[in-house]
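**Student:** After the structure tokens below, expect a handful of questions from me.
The values are calculated or read from the model by the stated rules, or taken from the named source; none is laboratory data. Given the structure is predicted, the values throughout are model-derived calculations rather than measurements. Cβ: placed from backbone, ideal geometry, glycine included. Neighbour counts: every protein chain shown.
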Amino acid sequence: MSVIYILWLRQIKRFSRSGIRIVMGFVQPLVYMLALGYGLNSVFQLSGRGSYIQFIVPGIIVQTIMFSSMFWGANIIWDKQFGFLKETLVAPVSRMKIMLGSALGGATISLIQGIILFIVAIILGFRPYNWTYVPLAIVFMGMLSMAIISFSAGIGAVVNDMQAFVAVNNFLLIPLFFMSSALFPLDGVPTVMKIIASVNPISYAVDAIRMTLIHQSHFGLWNDFFVLLGTLIALLAFGSYRFKQIQA
Amino acid sequence: MGPIISVKNVSKKFGDFTAVDGVSFDVHPGEIFAFLGPNGAGKSTTIKMLTTLLKPTSGELRLAGHDVTKEQDATRKVFGIVFQDASLDDELTAFENMQLHAVLYGINRKQVNARIEELLKLVDLWERRKVIVKTFSGGMKRRLEIARGLMHHPKIMFLDEPTLGLDAQTRNLLWNYIKELNQKEQMTIFFTTHYLGEAEAVAQRIAFIDHGKIVASGTTEELKQQTGTNNLEEAYLKLTGTQVRDETLDSAEGNRERFRSIMKNKQR
């Protein structure tokens, strides 16, 4: 068994044993999907843009993944506070492997949550336009999970207390989510918002998943892919660099 | 054969504060060595430097011949450690914690299960191997940590206040394990404690550290002679004074303390 695998497995075991976390992960996105999806559906349709539920599901999937991934960084703080981190830091393995194994575990969990939300959406009436593209959407979800996880690992490595971590999270994630193309189409908004959304990598993740699930795109799938890939690489570098700097 | 632990002129500064100030000492193979001092004297900082968790500001540390700062991975293979605070994964079982450690230390896959069984039996936790660690008592956790630390046959075992918060029975049991390991496997033991009686009973050699400096070292007999006192506790107080020290908690420890007090209140 490799180091990366056992650390991945650790995350999966921890997750599967905490029933409450599994459930809590869905409540917020579900509320968004129901309240916004059904609530604004008629308005959206009146303006001739089709079903709002169809439109919003990719955005909500991205939200689920973002928040679950970001919350994962709290695990590092947890491990620091409860000492388990020291056990891994004195072991004769590279920090890169420790970080990668744990991050892949976290990303898998976020991805599972994203997929479960997708299934819930289907039960509620969402239909992807072509099922053969669904695996591609899952690839994009995976990339987003890994990017946010790396970022949160970096923040978790620097911040030592939970309150500060939650504050940093809210300060960064909420604007990133709302100022993206997750909840509204970009072609109808004021220029300033369009510009903000266009420099926000979350928009590209939403756009990629929206293109693969409902065949609507603002930036084009290749642009989405490259921005997402670039973001993933940059954040992975940030996360592993910060993680290497930890001194216990 | 040279010393198995060699510390030469090691200092560690945190900003303006000098936690460890030009410390030098040697520990010989197979020795039980006690590292004693008041809170905030620099004990844990020294252990962290010896175990690759902190880099020294200056000086040289060697474990079994390996330069601790330059050959980190080689160093990490030769020691086992029981930290001052728990370092188990609470959400995993005892067996899973052991398994994880085995993989981290690259233990031969075929031997892993037999080794885990042997060690868990040694610390009387084999029956509880499938229990989630969260439900363990403080003493059980400490025993599990000792078993885990032994997994990769370390030449040196660091024990940072291993008996803190444990009852007399468990303390007695732990020291018996430790002495047995020392004798059977010629394992070098490096430990800290605030119970001076324990140090007097177990340690072959002792060093006192205060304000980041070694103030005295030797066998219990030598220390008593040097200070003209009757036991180790008196010698200790004579050398380090009777003044109570304020230890500033680093933020992680501070949080842990706060969290624990919250949990304790909740349980009431």
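**Student:** Only one of these is modelled with pLDDT of 85 or more and either on the phi > 0 side of the Ramachandran plot or aliphatic (A, V, I, L, M) (or both): A:MET33, A:MET24, A:MET1. Name it.
**Tutor:** One residue alone meets the criteria, A:MET33.
**Student:** While we're on this one: Just wondering, is there one or more residues in the stretch A:54-73 that are touching a residue at least 60 places away in the same chain (Cβ under 8 Å) and either outside any helix (DSSP H, G or I) or more than 16 Å from the chain's Cα centre (by Cα) (or both)?
**Tutor:** Yes.
**Student:** Would you confirm whether or not the stretch B:62-73 contains a residue that is in contact (Cβ under 8 Å) with a residue 12 or more places away in the chain and in a helix (DSSP H, G or I)?
**Tutor:** yes
**Student:** Among what's in the stretch B:98-146 and is under 21 Å from B:VAL78 (Cα atoms) and outside any helix (DSSP H, G or I), pick the residue that is farthest from the chain's Cα centre (by Cα).
**Tutor:** So, considering only residues that are under 21 Å from B:VAL78 (Cα atoms) and outside any helix (DSSP H, G or I), the one farthest from the chain's Cα centre (by Cα) is B:ASN108.
**Student:** For the list (1) more than 14 Å from chain B (Cβ to nearest Cβ); (2) under 22 Å from A:GLY239 (Cβ atoms); (3) not β-branched (Val, Ile, Thr), I need the number of the one condition that A:TYR133 fails.
**Tutor:** (2)
**Student:** Sticking with this structure for a sec: I need the full set of residues from the stretch A:67-87 which are aliphatic (A, V, I, L, M) and away from every other protein chain (no Cβ under 11 Å), in order please.
**Tutor:** Within the stretch A:67-87, A:MET70, A:ALA74, A:ILE76 qualify.
**Student:** Still on this structure, I have one more. Out of everything in the stretch A:6-44 that is assigned to a helix (DSSP H, G or I) and among the hydroxyl-bearing types (Ser, Thr, Tyr), what residue ends up being farthest from the other protein chains (Cβ to nearest Cβ)?
**Tutor:** My answer is A:SER42.
**Student:** Follow-up. For the stretch B:65-74, does any single residue satisfy the condition of being surrounded by fewer than 17 Cβ atoms within 10 Å (Cβ to Cβ), more than 28 Å from B:HIS153 (Cα to Cα), out of contact with any helix residue (DSSP H, G or I) (no Cβ under 7 Å at 6 or more places or on another chain) and within 11 Å of another protein chain (Cβ to nearest Cβ)?
**Tutor:** no
**Student:** Among the residues that make up the stretch B:8-15, is at least one of them within 14 Å of chain A (Cβ to nearest Cβ) and either at pLDDT 95 or above or in contact with a strand residue (DSSP E or B) (Cβ under 6 Å, 6 or more places away or on another chain) (or both)?
**Tutor:** For the stretch B:8-15, residues within 14 Å of chain A (Cβ to nearest Cβ) and either at pLDDT 95 or above or in contact with a strand residue (DSSP E or B) (Cβ under 6 Å, 6 or more places away or on another chain) (or both): present.
**Student:** Inside the stretch A:125-178, can you point out the residues that are within 23 Å of A:ILE214 (Cα to Cα), buried (at least 23 other Cβ atoms within 10 Å of the Cβ) and of a type in the set (Gly, Ala, Ser)?
**Tutor:** Matches in the stretch A:125-178: A:SER145 only.
**Student:** Taking the stretch A:92-114 only, how many residues are under 11 Å from the mean Cα position of the chain (by Cα), within 19 Å of A:ARG242 (Cβ to Cβ) and hydroxyl-bearing (Ser, Thr, Tyr)?
**Tutor:** Residues in the stretch A:92-114 being under 11 Å from the mean Cα position of the chain (by Cα), within 19 Å of A:ARG242 (Cβ to Cβ) and hydroxyl-bearing (Ser, Thr, Tyr): 0 in total.
**Student:** Let me ask something additional. Count, please, the residues in the stretch B:133-156 that happen to be over 18 Å from B:ASN172 (Cα atoms) and either crowded, with 16+ Cβ neighbours inside 10 Å or among the acidic types (Asp, Glu) (or both).
**Tutor:** Of the residues in that region, 10 qualify.
**Student:** Would you list the strands (runs of 3 or more DSSP E) that sit entirely within the stretch B:2-48 and hold 2 or more residues that are in contact with a helix residue (DSSP H, G or I) (Cβ under 6 Å, 6 or more places away or on another chain)?
**Tutor:** By residue number, B:17-27, B:32-36.
**Student:** Is the stretch B:81-91 home to any residue that is farther than 12 Å from B:LEU144 by Cα and either among the polar types (S, T, N, Q) or more than 7 Å from chain A (Cβ to nearest Cβ) (or both)?
**Tutor:** Yes; the residues of the stretch B:81-91 include at least one that is farther than 12 Å from B:LEU144 by Cα and either among the polar types (S, T, N, Q) or more than 7 Å from chain A (Cβ to nearest Cβ) (or both).
**Student:** Restricting to the stretch B:112-132, and then to whatever is within 14 Å of another protein chain (Cβ to nearest Cβ) and under 25 Å from A:LEU89 (Cβ atoms), can you tell me which residue is surrounded by the most Cβ atoms within 10 Å (Cβ to Cβ)?
**Tutor:** B:ILE116
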